[in-house]
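Scroll down for the structure; my scribbles are underneath it.
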Amino acid sequence: MRVLTFFLYITLLWNILVQCGSSEDHYFMIEANNKKERDLLPIQDSNQIKYDPTWDSLDARPLPAWYDDAKFGIFIHWGVFSVPSFGSEWFWNNWKEETDTKYHDFMKDRYPPNYTYQDFARDFTAEFFNASQWSEIFQASGAKYVVLTSKHHEGYTLWPSKYSFSWNSMDVGPQKDLIGELAAAIRSSTDIKFGLYHSLYEWYNPMYLNDKRNNFTTDHFVTQKIIPEMHELIEMYKPEIIWSDGDWEATDSYWKSKEFLSWLYNESPIKNTVVVNDRWGTNIPCHHGDFYTCTDRYNPGVLLPHKWENCMTIDKKSWGFRRNAALEEYFKLDELVKELVTTVSCGGNLLMNVGPTKDGIISPIFEERLRGIGSWLKVNGEAIYNTKPWKIQNDTLTSDIWYTQSKDEKRLYVLILEWPKESVLSLGSLKVPNNTHVSLLGFAKPLKWMQYPTKLVVHLPYEARKGEPAWVLRIEQE
């Protein structure tokens, strides 16, 4: 995956217009407000509305409500790149087009002359892949959806696609329908939504390269490969997320994106519940789609007017598995929880990536991180799931304090990323009435608090600190 930088100016604009806390004090009473949630779509008969192949029409489709409620998902990058497991999932492209000798030296020292990238596929065995074990790990993480790479830029598909002859997981490598096995396991044993990543372009597909040489005035690759392939993928597996990528070299017109999405929203078997991201052609990211991803690892730190997602990696340097990754190159649990908290507070979802091995193993360090965040969510999940941003995102007086609220606005959540000195927390962004109840999630005893003219002071129980990555106050009127 490659960071798209062209949306930086919008992030800067929003930092000017919508600060997540300013030098001025803000005070708000906590009050119930049953306003109708805007732009959220319950499951319904979409035959009532038809979406034309124009961005104006497609953008008018409300976001299915399940996605905004979910908040947290797991990304899975798995493919032939998991065999060399060196550098990143861009191994093939980096090897062929590098300007230094890093990848050539790696190959020279470990593989015979004339070894090709295609030769790696036979070692993509997935011999230890157990879809039920993966599902249990994802369920334990607290994730509400998963997104698996059905096909990365290398073009290799994790299902027996008739549009990828001899370059799929049934014909070469595992000899399994990997997507089918994981989808069945997740749907049979969890309540997790199943989604698929799909790369539009393929680095070295001759049809694509020919269209590219023609300045995309021809579209044989799209009409003969990509569109039929995506229809096949959807009709076979019915994913509830289509996470598109590999779009940046050509326009949405070349990719037939609007036409495909019109079919998806009007006629596909997942038309009522599916959500899609924003990577459908040059200049489309951060402008069109059910949710915006903008750039990889995108976390603006401010409230945005459109639903967005922060896709990021536990391994700081790669989406695919790396055999030579050092311990310090993995995010720690407290860093991952911070990413989740800041993302959700500003209205986003977090999509956290793991890279399985060529054998089909989710390595212990990935598993430990996933189970760790799941343990935290078991206690504090009510401040994450099915919430919405508050009027202020982070506190105006104390740093590392973020806010969310329940959808009915009856409960305010104060997410604490750093334990305060002497266990006394000062909050500058709210003023509460006398009949307010303040509690710490996971701690049974009521908390002492005092409202002063310029701040709310809460006394936290020191014994609740116990090395947790973050803590949550629930504030509500009695």
Margin query: Please report the antiparallel percentage of DSSP beta bridges with both residues in the chain, rounded to the nearest 5.
Written below: 50 percent
Checklist line | By average C-beta atoms within 10 angstrom, highest first, the peptides 417-425, 125-133, 152-160 | finding: 152-160, 125-133, 417-425
Next item on the list: Can you bin region 435-478 into rounded, prolate or oblate? Criterion: square roots of the alpha carbon gyration tensor eigenvalues sorted a ≥ b ≥ c, rounded for a/c under 1.5, prolate for a/b above b/c, oblate for the rest.
Entry: prolate
Next item on the list: Taking each pair of different alpha-carbon atoms in region 92-230 once, compute 1/r for the pair, average those values, and report the inverse of that mean as the Kirkwood hydrodynamic radius in Å to one decimal.
Entry: 17.2 Å
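So how do 96-104, 406-414, 83-91 stack up, highest first, on mean other-Cβ count within 10 Å?
83-91, 406-414, 96-104
Could you work out the relative contact order of region 145-221, using alpha carbon pairs under 8 angstrom and six or more residues apart, expressed as a whole percent?
33 percent
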Checklist line | Overall form of region 388-477 per C-alpha gyration tensor (a/c, 1.5; a/b vs b/c) | finding: rounded
Next item on the list: If a/c stays under 1.5 just call it rounded; otherwise compare a/b with b/c (prolate if a/b is bigger, oblate if not). Do that for the chain, with a ≥ b ≥ c from the square roots of the Cα gyration tensor eigenvalues.
Entry: prolate
Next item on the list: Only Cα pairs under 8 Å and at least 6 apart count here; give the relative contact order of region 221-312 as a rounded whole percent.
Entry: 24 percent
Next item on the list: Find the centroid of the Cα atoms in region 61-112 and in region 237-251, then give the distance between the two in whole Å.
Entry: 16 Å
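Using the structure shown, select from K71/K358; K338/K378; K317/K378; K71/K256 the pairs with a Cα to Cα distance greater than 22 angstrom. Intermediate results must be reported in sequence, preceding the final value.
Values: K71/K358 29 Å; K338/K378 16 Å; K317/K378 29 Å; K71/K256 30 Å.
K71/K358; K317/K378; K71/K256, as the Cα separations exceed 22 Å there.
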Next item on the list: Sorted from largest down, give the three principal axis spans of the alpha carbons of region 183-321, whole angstrom values.
Entry: 44, 35, 34
Note to self: Counting heavy atoms of the protein chains only and a 1.4 Å probe, report the per residue accessible area for region 55-385 as a whole number of Å².
What the structure shows: 35 Å²
Check: What number, in percent, do you get for the relative contact order of the chain if the mean sequence gap of Cα pairs under 8 Å and at least 6 apart is divided by its residue count?
Finding: 20 percent
Next item on the list: Enumerate the aspartates and glutamates that K431 could reach by cross-link, defined here as Cα to Cα under 16 Å, with residues fewer than 8 away along the same chain left out.
Entry: E24, D25, E31, D395, E409, E476, E478
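The values are calculated or read from the model by the stated rules, or taken from the named source; none is laboratory data. Because the structure is a prediction, the values reported are computed rather than measured. Quick reminder, even Gly has a Cβ in these numbers, built from the backbone with ideal geometry, and neighbours come from all protein chains shown. What goes into the accessible areas is simple: the full protein's heavy atoms, side chains included, and nothing from ligands, DNA or RNA. Shrake-Rupley method; radii C 1.70, N 1.55, O 1.52, S 1.80 Å.
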